[in-house]
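Participant: I have a structure I would like to understand better, so I am pasting it below and will then ask my questions one at a time.
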Amino acid sequence: MNGKTITTAQYKLFPSPRNVHREIFMHQVFVPYPYALIDLPSFDFKGKSSLYAACRLSDMKMGQLVTLELVVDEARFRARFVPD
């Protein structure tokens, strides 16, 4: 990925320039807070993760999509994420 828009079946994605891993992982969490600050390293995930600004195509809702390599990291994110 080179910073361009990515369209999937569910989302139109805009990659974060801070992504260390530039891929879309299987486990995904959409948060409907487009301006929330999400610092992925602070979650201390065991696997890889990436962050995208996102537009959910089903309802055109703007937000962010966190993609995670491991299901345990998805559970960790859901438990610890608190919007600003």
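The values are calculated or read from the model by the stated rules, or taken from the named source; none is laboratory data. None of the values given here were measured: they were computed from a predicted structure. Every residue, glycine among them, receives a Cβ derived from its backbone with ideal geometry; neighbour counts consider all protein chains shown. These area figures cover heavy atoms from the full protein model, side chains too; ligands, DNA and RNA do not enter into them. Shrake-Rupley method; radii C 1.70, N 1.55, O 1.52, S 1.80 Å.
Participant: Within the set of pairs 6+ apart or on separate chains, which have a first residue in region 26-42 that is among the small types (Gly, Ala, Ser), a second that is surrounded by fewer than 17 Cβ atoms within 10 Å (Cβ to Cβ) and part of a loop (DSSP other than H, G, I, E, B), and C-beta atoms under 6 Å apart?
Facilitator: Ala36/Pro83; Ala36/Asp84
Participant: Taking the options Ala54, Ala75, name whichever one is touching a Gly at 6+ places or on another chain (Cβ under 6 Å) and at pLDDT 95 or above. Working first, answer last.
Facilitator: On the way: Ala75 fails: touching a Gly at 6+ places or on another chain (Cβ under 6 Å).
Only one candidate qualifies: Ala54.
Participant: Next question, about the same structure. Of Leu37, Leu13, which residue is out of contact with any helix residue (DSSP H, G or I) (no Cβ under 8 Å at 6 or more places or on another chain) and outside any loop (DSSP other than H, G, I, E, B)?
Facilitator: Details: Leu37 fails: outside any loop (DSSP other than H, G, I, E, B).
One residue alone meets the criteria, Leu13.
Participant: Something else: In region 59-84, what count of residues is obtained for those that are touching a residue at least 12 places away in the same chain (Cβ under 8 Å) and assigned to a loop (DSSP other than H, G, I, E, B)?
Facilitator: Here the count works out to 5.
Participant: Surrounded by 14 or more Cβ atoms within 10 Å (Cβ to Cβ), touching a strand residue (DSSP E or B) at 6+ places or on another chain (Cβ under 7 Å) and of a type in the set (D, E, K, R): is that true of Lys48 in this structure?
Facilitator: Values: surrounded by 14 or more Cβ atoms within 10 Å (Cβ to Cβ): yes; touching a strand residue (DSSP E or B) at 6+ places or on another chain (Cβ under 7 Å): no; of a type in the set (D, E, K, R): yes.
So Lys48 does not fit the description; no.
Participant: So, in region 1-44, how many residues would count as being farther than 19 Å from Phe81 by Cα, open to solvent by 90 Å² or more (accessible area, probe 1.4 Å) and among the charged types (D, E, K, R)?
Facilitator: Final tally of qualifying residues: 2.
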